[in-house]
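We did not get these values from a lab; they are worked out from the coordinates using the rules stated. Bear in mind that the values here come from a model prediction, so they are computed numbers and not experimental data. We place every Cβ from the backbone using ideal geometry, glycine too, and count neighbours over all the protein chains shown.
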Amino acid sequence: MKFFTFRNIAFLLLYLLPFTVVGQTSTDGSTYRGSRVEVPFLNITPDSRSGAMGEAGVAISPDVNANFWNPSKLAFVESNDALSLSYSPWLRHLVPDISLSYLSYAHKINDRNTLGASLRYFNYGSLQLNDDQSNNQGTYTPNEFSLDVSFARKFGENFSLGLTARYIHSSISSVSFATAGSTQTGRAGNALAADVSMFYKSTYGDDNLFAFGANISNIGTKISYTTNGPKYFLPANLKLGVANTWNLDENNQITVAFDVNKLLTPTPPIKDANGTIISGKNDDVSVPSGIFQSFGDAPGGFSEEMKEISLSPGAEYWYNNQFAIRAGYLYENPSKSDRRYVTLGFGVKYDIFKFDFSYLAASQQNSPLANTLRFSLSASFGGTSNVSK
């Protein structure tokens, strides 16, 4: 029988989304006290445009990658059809064969209604399998993916709503493994989830634009990797964002965006040696209870709740609607995640095609995500919908 320890996988998950880890020490000596969630790849920024803007994307101008950031924006996509493919080598300085791929598509049914679909695939590379005597039992290639279908509808000229259905498959535990002297049968985890989103925009002044967006994502079933083992929360998440665009003249345009982000899962309580809760709330609750509880269950009270909010300011400059440069910054409190880094990037548009690139500028001593690259290639085709409202 094959056995597998989760040391390598746990190491990888530690750096997918640091706020999923409990009890780790940050770079400034404080202790992480985040929520325990699985499939954290669902909240990893997949595309290069927002990846270069400090990972802000809820309210910036609509494109096909709104499937991830705010599906309600799809109602305002201009072309009848749009397709995008993004790729990012992940933790490439630590492990050579981990990557995130993202395929996104949008189809405008008419001027009010748009369908979207996307596929996220996270490849963990090859991991070594050993039996209980540490003998080589071959390799295993764990992976995770999600398949989304979205519907967005425009209400008037400035407001839209969106709904998303998601299937999640996590194959990081399809072998048997030993825990505490017993053997459990590992299996792939499966879950279903949904997103709800909204988008509002308003023009003012000399063709300037203000926009606001919100997206609550990954509201769904818990996930388990064993036949009779524990079930874990999906990374339910709240994104709120604003963006303002100034059209300086016919060739120059600037957008400034600001997103806030909060994980909607319970914060683990502080317990004594006997397992009795001494501060915080019980985190073994249902999904709906966990979402509502996440706004007020931090053991440190309101001040700790505020530390669970991440901030993402970003900016984008377009010249002649053909060349863009971008920059941003992501900040999360050291006691929760310790992700703090600058992002940079550019975009080039030619005819129906657009290429975007982003770079995460951080020191390797402070962040394993340092020098992360993202590449996106997209195309808009089928013309612009002229179907009446």
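Choose one of PHE381, ASN282, SER358: the residue whose Cα lies farthest towards the positive end of the charge dipole of the range 236-389 (beta-carbon charges +1 Lys, Arg; -1 Asp, Glu; about the Cα centre).
Checking the options against the dipole of the range 236-389, the answer is PHE381.
Mind checking which of ASN190, ALA257, ALA298 is farthest towards the positive end of the range 178-329's charge dipole, using Cβ charges of +1 (Lys, Arg) and -1 (Asp, Glu) about the Cα centre?
My answer, from the dipole projection, is ASN190.
What is the sum of charges, Lys and Arg at +1 and Asp and Glu at -1, for the other residues whose Cβ falls under 13 Å from the Cβ of LEU373?
So the environment of LEU373 carries a net charge of 0.
Give the lysines reachable from LYS201 as a straight Cα distance under 25 Å; neighbours fewer than 8 places away on the same chain don't count.
Those lysines meeting the cut-off are LYS73, LYS108, LYS154, LYS239, LYS262, LYS349, LYS354, LYS389.
Would you work out the charge dipole size for the range 302-351 about its Cα centre, treating the Cβ of every Lys and Arg as +1 and the Cβ of every Asp and Glu as -1, and quote it to the nearest 20 debye?
In debye, rounded to 20, the range 302-351 gives about 180.
For the range 330-373, how big is the tail of P(r) above 12 Å, as a whole percent of Cα pairs?
I get 65 percent for the Cα pairs in the range 330-373 exceeding 12 Å.
I'd like the distance separating the alpha-carbon centroids of the range 200-260 and the range 315-368, in whole Å.
16
Amide H to amide H, which residues 5 or more places from TRP90 or on other chains are under 5 Å from it, using H placed in the peptide plane?
ILE98, SER99, LEU100
Count the net charge of all other residues whose Cβ sits under 10 Å from the Cβ of GLY220, scoring Lys and Arg as +1 and Asp and Glu as -1.
+1
Quick one: Karplus J couplings for the range 260-265, per residue in order, coefficients 6.51, -1.76, 1.60, θ = phi - 60°, nearest Hz, x for Gly and Pro?
10, 9, 9, 6, 9, 10
Using Cα positions and a limit of under 16 Å, work out the lysines in reach of LYS271, with same-chain residues fewer than 8 apart set aside.
Counting by Cα, and skipping residues close in sequence, LYS271 has these lysines nearby: LYS281.
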